[in-house]
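**Q** I have a structure here, written as structure tokens, and I will follow up with some questions on it.
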Amino acid sequence: MAKVCLRPIFCVFLLLVVLIALISHHGTDAQPNFLKSFCGNDTTNSNSTYQTNLQALLLNISFNIQIDYGFYNFSSGENSGKVNVIALCRGDVSAQDCRSCISDSRVVLPQVCPNMKEAIGWHDFCFLRYSDRSIFDVMETSPSFSLWSTHDALQKDQFKNVLAQLMSSLRVTAATGDSMRKFAAANVSGPSNQTIFGLAQCTPDLSNDDCNVCLNWAINQIPKCCDGQTGGRVATPSCNVRYETYKFFGGGTSSPLLPAPPLPPPPHPPFGQPVSKQGKSNNTSRIVIAIVVPFVSIAVLISIVVIYLKFKVRRPQNIDTEAKDVADSLQMDFETIRESTNDFSDKNKLGQGGFGPVYLGRLYNGQEIAVKRLSREFGQGDMEFKNEVLLMAKLQHRNLVKLLGFSLKDKERLLVYEFVPNKSLDYFIFDPIKATALNWEKRYKIIEGIARGLLYLHQDSRIRIIHRDLKTSNILLDEEMNAKISDFGMARLLVMDQTQAKTNNIVGTYGYIAPEYAKHGRFSMKSDIFSLGVLILEIISGKRNSEYEDWEDLEHIGSAAWKSWRKGTLSSIIDPRLIEEGGSSRNEIMRCIQIGLLCVQEKASDRPTMDTIVAMLSAYSFSLPIPLQPSFYIQGGLPDDVFITSSSSSQEDQSAVEASRNELSISEQYPR
């Protein structure tokens, strides 16, 4: 009987712990992890005057915050030791949740950004920011981040019109607030019985004009990040906006922050005042808890034992049942997939990559799919493969090709993806006829899509993924010419004997490989950013990076573009079709060339991060640094013990393609 009761007792113990925690916290919700954090570049010693002043400010933040308004801005110190701190709670949360959120943030943010002079962390209920420079009364839209729902709104056009009107109204209301509160929340009726809830907020230290400008900038990002989705948010250091089709805020603008919970009564009442009844009430509560908790615990224990004996629930050992069920739901019948591709007929073959061929399939219900038939050189068992596929399936982003499922049979490993009808970017951009379908507006949209997909892989997804083979043939285009990155996260499907950031087996494609990766085998997120820079320059020029090679000096597209940029002759590398368009696009093109050059700088540390690149593309007010000279292409100068596996899908390179177990994307697990 003891063995039977072991698990129920454990469950009851957990229930009691949760119950006690709920009682002790008076119903306060636990704060989530940071939605997003940003760390500056300048560091200090942990014993510096700056860190001492920062710790003092953060220690006292929950006592000094203006709790009725959820706002805190203080500074301490002088000169290099001066610290400026801003904290702001969402305008509708309770005082208790506000205090709890900021208390959590003051502990977590210095851990996330150790010894940094500047950092920002955004929670759902609050945000905390500190810096060694002046940040009070200053409107800033960078760094910023956005989140969005994966569900499409019904009647998108009408939905977007109603949303635009709602956000405009919230902007006006929030921007006309006073120095203590600049917050607005409301809801409106949308199409198809959808209710749209919206929120807008600025830091109260901003002027009304600056708040209006900041919110206007954030609202203008919604079509770029969250176009036609049922929910989305954009946050900056100075303001934030959010909308959903469910009620996510509390009382809205009509309900200010609730008052703080009363402090415990003093041991003796103040002179001239009667004794409070609070103590008597507390004693009654303790008696009720003392009676109710044991009674509920016994009742729960008996119920669990009865249910356990009746159904004899036996969980399989060392297997997460829920994960296994989800993985099994993604598994598709091998014969069904084989028949959908006409037995992997060459007529159905869409292309050949380094990981294996890709076939067009058509299921019984008429749905078209893309089937990647992976190399048979796998070291994982079926369960490990399922778990890795399950992880990949959770990576959902509009600029990533969606994984629909997988199939297993003996040594066969099939991945089933959504079918993207317009093939890959290289199919269009390098064809003199098909390239006419890509005007500058579409090319700019493709560049933004690639950047947002890469930002998700690098920073916003459950796992951090370094693609390592970003190129035009791995950028697919849907029916609306939206960019979708493919072949991401493939490393997780194979057993890897390396988790370091260095390898002797260099993988990727000539022309896209970062110099530090090709020379020394060092890869990082900055390696992908180098490849992104090459992509941007190819999209603008309409030429492959190899077309710029001069076999005497082995010039790369990056160095060719940099020389033209220095000489002021950028028109020589711009696709003539784009020059013919004329209009205001010329400034955008020049700006994108500069961003591309920043991405291909020789030193990895000089290249911008993905969130900075997205901000550069989204905000024209974001000033761009002067790019340094990029590395000249080093195809002929690699060490003898290093080889590069090319996974190009062109016929010219197919003979050089070698299916390699090391030709992978690198993924790292990291806490969220």
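The values are calculated or read from the model by the stated rules, or taken from the named source; none is laboratory data. Note that the structure is a prediction, hence the values are computed from the model and not measured. Heads up, the Cβs are rebuilt from the backbone with ideal geometry, glycines too, and the neighbour counts pull from every protein chain shown.
**Q** With (1) modelled with pLDDT of 90 or more; (2) part of a loop (DSSP other than H, G, I, E, B); (3) buried (at least 16 other Cβ atoms within 10 Å of the Cβ) as the list, and R133 as the residue in question, which single condition is left unmet?
**A** Result: R133 passes all but (3).
**Q** Still on this structure, please answer the following. G231 fails exactly one of the following numbered conditions: (1) touching a Lys or Arg at 6+ places or on another chain (Cβ under 9 Å); (2) crowded, with 22+ Cβ neighbours inside 10 Å. What is the number of that condition?
**A** In the conditions (1) touching a Lys or Arg at 6+ places or on another chain (Cβ under 9 Å); (2) crowded, with 22+ Cβ neighbours inside 10 Å, G231 misses (2) alone.
**Q** Quick one: what pairs do we get from segment 456-468, first residue outside the structural domain of L391 (by TED's automatic domain parsing), second surrounded by fewer than 17 Cβ atoms within 10 Å (Cβ to Cβ) and assigned to a helix (DSSP H, G or I), C-beta under 8 Å, 6+ apart or different chains?
**A** So the pair list comes out empty.
**Q** Test of understanding: among C202, C126, which residue is farther than 23 Å from L455 by Cβ, assigned by TED's automatic domain parsing to the domain that holds N45 and modelled with pLDDT of 90 or more?
**A** On inspection, the qualifying residue turns out to be C126.
One line per residue, one yes/no per condition, for (1) touching a residue at least 12 places away in the same chain (Cβ under 8 Å); (2) buried (at least 21 other Cβ atoms within 10 Å of the Cβ); (3) among the hydrophobic types (A, V, I, L, M, F, W, C):
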position: D205; (1), (2), (3): yes, no, no
position: D210; (1), (2), (3): yes, no, no
position: A218; (1), (2), (3): yes, yes, yes
position: P223; (1), (2), (3): yes, no, no
position: C226; (1), (2), (3): yes, yes, yes
position: T236; (1), (2), (3): yes, yes, no
position: C239; (1), (2), (3): yes, yes, yes
position: Y243; (1), (2), (3): yes, yes, no
position: K247; (1), (2), (3): yes, no, no
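**Q** Out of everything in segment 156-174 that is touching a residue at least 40 places away in the same chain (Cβ under 8 Å) and hydroxyl-bearing (S, T, Y), what residue ends up being nearest to V234 (Cα to Cα)?
**A** My answer is S168.
**Q** Still on this structure, please answer the following. If only one of G353, G366, G381 is at pLDDT below 90, closer than 29 Å to S149 by Cα and small (G, A, S), which one is it?
**A** From the options G353, G366, G381, the qualifying one is G366.
**Q** Still on this structure, I have one more. What number goes with the only condition from (1) modelled with pLDDT of 90 or more; (2) assigned to a loop (DSSP other than H, G, I, E, B) that K484 does not pass?
**A** (2)
**Q** Test L476 against the stated conditions and say whether it is surrounded by 21 or more Cβ atoms within 10 Å (Cβ to Cβ) and not in a strand (DSSP E or B).
**A** Considered against the rule, which asks whether it is surrounded by 21 or more Cβ atoms within 10 Å (Cβ to Cβ) and not in a strand (DSSP E or B), L476 comes out as no.
**Q** Now for a separate question. Just one of the numbered conditions (1) assigned to a loop (DSSP other than H, G, I, E, B); (2) touching a helix residue (DSSP H, G or I) at 6+ places or on another chain (Cβ under 9 Å); (3) of a type in the set (G, A, S) is not true of S407; which one?
**A** That leaves (1) as the condition not met.
**Q** Where residues in segment 576-610 are charged (D, E, K, R) and in a loop (DSSP other than H, G, I, E, B), which of them is surrounded by the most Cβ atoms within 10 Å (Cβ to Cβ)?
**A** Taking segment 576-610 and keeping what is charged (D, E, K, R), we get 577, 580-581, 586, 588, 591, 602-603, 606-607.
Then keep just the ones that are in a loop (DSSP other than H, G, I, E, B); that gives 602-603, 607.
On the way: E602: 17, K603: 12, R607: 27.
My answer is R607.
**Q** Also, I was wondering about something else. Please count how many residues of segment 109-122 are surrounded by fewer than 21 Cβ atoms within 10 Å (Cβ to Cβ) and within 19 Å of the chain's Cα centre (by Cα).
**A** 3
**Q** Another one. Mind checking which residues of segment 513-550 are among the aromatic types (F, W, Y) and modelled with pLDDT of 85 or more?
**A** F530
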